[in-house]
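J.: First the structure, which I've put down as structure tokens, then a few questions once you've had a look.
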Amino acid sequence: MRILLAEADAKLGNKIKHMLEEAANQVDWVVNGDMAFEYALHAPYDVVILDWMIPGQTSVSICKSLRIRGYRGAILMLMAKEADQDRIADLSTSADAWFVKSIELTELLAQVQALARRSRAKMSDEILQVGNLIFNCVTYCIRQGETEIQLTSREFQLLDLLVRNQERVVPREFILERIWGVEAAVSSNNLDAYVRLLRKKLRMFNNEVIIQTIRGIGYKLKVHDVCQNR
């Protein structure tokens with residue numbers, strides 16, 4: 001299981017990281033919210049553990065932004081015993097659970113494992129097929145037969161958006177907002193670069209699934225029946 005731990009307290013963070021790794025988990029540990037958000041965007045974590053009072057980008061902002069960008073894994077919040085219950089309620093739409101730091105850490109391990117199982121069960125249906133290609137929304141892989149290609153998180157977010165809107169034109173502005181966010185300083189050139197990378201990877205399989213450019217509007221995923229042209 002791959003876990004992202006965002007905990008500013010060095011002593012507590014080291015304890016949690018060691019405990020999780022002892023249970024055969026792969027753990028990335030960061031100490032501020034900005035790093036946590038960037039890490040979560042670029043790797044397929046099963047569980048993200050966030051310190052409620054993490055410096056930098058706030059934990060609530062991280063949760064909501066990750067959900068908007070399509071993160072499907074579990075999010076667990078580490079709370080102080082005296083945490084404001086009204087603020088905890090604000091997490092209900094984005095975080096899956098919270099854990100009070102004063103409780104025995106072995107309970108944290110049990111909760112993380114339970115969240116991971118629940119998350120995997122929820123994502124087990126996230127296997128999409130377009131043409132003869134299989135898209136795995138858990139591992140961020142494209143597969144055809146025995147051939148499999150790994151995508152980055154951004155690449156998969158883009159492809160996932162196009163797959164779920166197959167044969168429909170997806171406007172550039174909509175793509176930029178859904179993947180990078182409204183306030184992100186990202187230009188259409190960045191989007192074009194990701195589209196080029198995706199096209200290159202799709203061509204490694206065949207020309208059945210293609211990304212069409214709709215000039216002046218956006219992109220469309222199209223399934224081309226290769227057999228008809230033989």
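J.: Looking at residue 49, is it at pLDDT 85 or above, over 18 Å from residue 2 (Cβ atoms) and in contact with a strand residue (DSSP E or B) (Cβ under 8 Å, 6 or more places away or on another chain)?
T.: No; evaluated as a whole, the condition is false for this residue.
J.: Next question, about the same structure. Just the residues that are without any contact (Cβ under 8 Å) to a residue 24 or more places away in the chain and closer than 24 Å to residue 104 by Cβ, please, taken from the stretch 14-59. So that I can check it myself, show each step before the final result.
T.: Let us first name the residues in the stretch 14-59 that are without any contact (Cβ under 8 Å) to a residue 24 or more places away in the chain, namely 14, 17-18, 21-22, 24, 34, 38.
Within the stretch 14-59, 14, 17, 18, 21, 22, 24 meet the criteria.
J.: I've got another one for you. Suppose we filter the stretch 173-200 for residues that are open to solvent by 40 Å² or more (accessible area, probe 1.4 Å) and either at pLDDT 90 or above or at positive phi (or both); how many remain?
T.: Residues in the stretch 173-200 being open to solvent by 40 Å² or more (accessible area, probe 1.4 Å) and either at pLDDT 90 or above or at positive phi (or both): 5 in total.
J.: Among the residues of the stretch 10-27, are any in contact with a Pro (Cβ under 7 Å, 6 or more places away or on another chain) and not in a strand (DSSP E or B)?
T.: Within the stretch 10-27, the first condition is being in contact with a Pro (Cβ under 7 Å, 6 or more places away or on another chain), and the residues that meet it are none.
There is no residue in the stretch 10-27 that is in contact with a Pro (Cβ under 7 Å, 6 or more places away or on another chain) and not in a strand (DSSP E or B).
J.: Something else: What number of residues in the stretch 1-27 are open to solvent by 80 Å² or more (accessible area, probe 1.4 Å) and of a type in the set (A, V, I, L, M, F, W, C)?
T.: 1
J.: Another question, then. Just to check your reading of the model, which residue among 154, 203, 215 is of a type in the set (Lys, Arg) and surrounded by 15 or more Cβ atoms within 10 Å (Cβ to Cβ)?
T.: Numbers: 203 fails: surrounded by 15 or more Cβ atoms within 10 Å (Cβ to Cβ); 215 fails: surrounded by 15 or more Cβ atoms within 10 Å (Cβ to Cβ).
Exactly one of 154, 203, 215 is of a type in the set (Lys, Arg) and surrounded by 15 or more Cβ atoms within 10 Å (Cβ to Cβ), namely 154.
J.: Going by the structure shown, is residue 75 at pLDDT 85 or above and either surrounded by 12 or more Cβ atoms within 10 Å (Cβ to Cβ) or within 19 Å of the chain's Cα centre (by Cα) (or both)?
T.: Values: at pLDDT 85 or above: yes; either surrounded by 12 or more Cβ atoms within 10 Å (Cβ to Cβ) or within 19 Å of the chain's Cα centre (by Cα) (or both): yes.
Yes.
J.: Turning to a different aspect of this structure: Sort out which residues of the stretch 62-80 are farther than 12 Å from residue 95 by Cβ and either in a helix (DSSP H, G or I) or among the β-branched types (Val, Ile, Thr) (or both), and write them in order of number. Give the steps one after another, and end with the answer.
T.: Step one: list which residues in the stretch 62-80 are farther than 12 Å from residue 95 by Cβ, which gives 65, 68-70, 72, 80.
Scanning the stretch 62-80 gives 65, 68.
The values are calculated or read from the model by the stated rules, or taken from the named source; none is laboratory data. Everything quoted here is computed from the prediction, not taken from an experiment. As a convention, Cβ positions derive from the backbone with ideal geometry for all residues, glycine included, and neighbour counts pool all protein chains shown. SASA here: full protein model, heavy atoms, side chains in, ligands and nucleic acids out. Shrake-Rupley method; radii C 1.70, N 1.55, O 1.52, S 1.80 Å.
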